[in-house]
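Below is one structure, written out as structure tokens, with a few remarks after it.
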Amino acid sequence: MKAVELKAYREAKVIDAGLKVQVLAREERCARELEDALSSLGSIHHAVRCYRGSHPLHEINGSLPDVVVLEVGDCHEDCIDDIRQFVEAHGRSCEVFVTVPDADLSLVKQLVRSGVRDVLSQPVNKQDLAIALSSAVARQGLASDTKITKRGDVIAFMSTRGNTGGSLLAVNMAYQLAERFGKKTVLVDLDIQFGTVASELDLEPDGGLLEALHNPERVDSVFLNSLVTRHGSGMAVLPSPGDLGYYEQVDALAVSRLISVLAETYEHVVINLPVCLNEAIEQVFSLSHPAYLVTEDTLSALRNLRMMLQRLPARGIPLAHLEIIHYRIDKKLKDISDGDLQTLLGDVPLHMVRGDYRMTALAANAGKAVSELYPGAELVKDIHAIAADVSGTRHREEPRKRGGLRAYFAKQHKDDSTG
């Protein structure tokens, strides 16, 4: 999508959403600029007023808006503390944007760490404001794209570091749902540059995914049906292009549109994510339930997992959306004690998948899902059990095994001791 078309699309989505915006300005000039910009964006419900105290966010009365645009003056420290407290209390339902004249890098870092979503330069113009607010619309699910009356499950996989099995598990989860459980399933590889879904399934990437992301205004079920590749298992696939050429960062609204239309068409939308965080990836997390974080018991992977578990709730993604998959290749390899793992991860739902490097390498080289080549393997049985949970087909006499990490690692400790 051309830059001018993307700006128009964002602006249209902001207008359609009926966003509620509260502006708190220190200077009359800034208040007028924001009033003019918001008024030009159509049906946004906004209120603009000037404040004089050092704790302006405390002055918000009544129901919270969706977004607060706050002008920060000279009292930086007081305002930063004010923002931090407000975000901790209301960050999931109300986002804070800041505008500040002559902000230096140090101040911007402080503002972002306090929970500010974005820092807008002055004078604030309509285009910059529309871009910022469109991101808020996507995250909060206010756009018409995310208002789905009947939708399938959105399931995302992200590795906590490279080569810990995220892509493998996404491929085999989608395969199991489609082939074993007969569910209408689509697999989307959002790892645009390094995604391996196409090669793992011996498919030819044709650019359909980028076509959809670059043209969100065209995305509907008919358009997407013409873009997906069909796999022998019955699942549809939108593979990444597998191209290291330059591409613009994927837009959060475009991702929201793509997933929402897919969820209206398919029972399960399985997404492979790159090892990174940005607004588009956070949008996938907010739409996914569950989102699986795939880790191993090495210090580097667990360090990244801890960062994710701290970061995502601060960005409005509840821990209730997250589950952990412990992808364990070598039972003897442990860089951290069980007690430390319990402290680190708490009671987030956990699944164990017993990996097999040789088996997965052979399957990848053959362009086949591990589930297809080795249906009786321990790895496949573990994935099958998770897929049964997701598909809702686990027998009632087999309760879902998703207890806290304390129970899991207690069992592991017992097994290791008796083995």
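Any idea which of (1) open to solvent by 40 Å² or more (accessible area, probe 1.4 Å); (2) under 28 Å from Q283 (Cβ atoms); (3) outside any strand (DSSP E or B) is the one D36 doesn't satisfy?
Only one criterion in (1) open to solvent by 40 Å² or more (accessible area, probe 1.4 Å); (2) under 28 Å from Q283 (Cβ atoms); (3) outside any strand (DSSP E or B) is unmet by D36, namely (2).
List every residue pair whose Cβ atoms lie under 9 Å apart, where the two residues are 6 or more positions apart in sequence or sit on different chains, the first residue falls within the range 75-96 and is part of a loop (DSSP other than H, G, I, E, B), and the second residue, located anywhere, is of a type in the set (A, V, I, L, M) and surrounded by fewer than 20 Cβ atoms within 10 Å (Cβ to Cβ).
Sorted first by the residue in the range 75-96, then by its partner, the pairs are G91/A314; S93/L64; C94/I60; C94/L64.
Out of the helices (runs of 4 or more DSSP H) lying entirely within the range 104-179, which hold 2 or more residues that are at pLDDT below 80, buried (at least 24 other Cβ atoms within 10 Å of the Cβ) and of a type in the set (A, V, I, L, M)?
126-140
If I ask for residues that are under 20 Å from E282 (Cα atoms) and charged (D, E, K, R), which ones from the range 181-223 would you list?
D189, D191
Check off (1) in a helix (DSSP H, G or I); (2) at pLDDT below 80; (3) exposed (fewer than 15 other Cβ atoms within 10 Å of the Cβ) for Q342 and give me the number that stays unchecked.
Of the numbered conditions (1) in a helix (DSSP H, G or I); (2) at pLDDT below 80; (3) exposed (fewer than 15 other Cβ atoms within 10 Å of the Cβ), the odd one out for Q342 is (3).
Please state which one of L262, L277, L253, L227 is touching a helix residue (DSSP H, G or I) at 6+ places or on another chain (Cβ under 8 Å) and under 16 Å from I155 (Cα atoms).
Exactly one residue qualifies, and that residue is L262.
Please determine whether any residue of the range 397-412 is at pLDDT 85 or above and outside any strand (DSSP E or B).
no
Which residues, taken from the range 288-304, are surrounded by 24 or more Cβ atoms within 10 Å (Cβ to Cβ) and either part of a helix (DSSP H, G or I) or of a type in the set (A, V, I, L, M) (or both)?
L293, V294
Among the residues of the range 345-366 satisfying the criterion of being within 28 Å of the chain's Cα centre (by Cα) and farther than 19 Å from T164 by Cβ, which is least open to solvent (accessible area, probe 1.4 Å)?
It comes out as G346.
Tally the residues that are closer than 18 Å to D251 by Cβ and not in a helix (DSSP H, G or I), restricting the search to the range 271-287.
Number of matching residues: 6.
Got at least one residue in the range 55-78 being touching a Pro at 6+ places or on another chain (Cβ under 8 Å) and modelled with pLDDT of 85 or more?
The answer is yes; a qualifying residue exists.
The values are calculated or read from the model by the stated rules, or taken from the named source; none is laboratory data. Remember, it's a predicted structure, so these values are computed and weren't measured experimentally. As a convention, Cβ positions derive from the backbone with ideal geometry for all residues, glycine included, and neighbour counts pool all protein chains shown. For accessibility, only protein heavy atoms count, side chains too; no ligands or nucleic acids. Shrake-Rupley method; radii C 1.70, N 1.55, O 1.52, S 1.80 Å.
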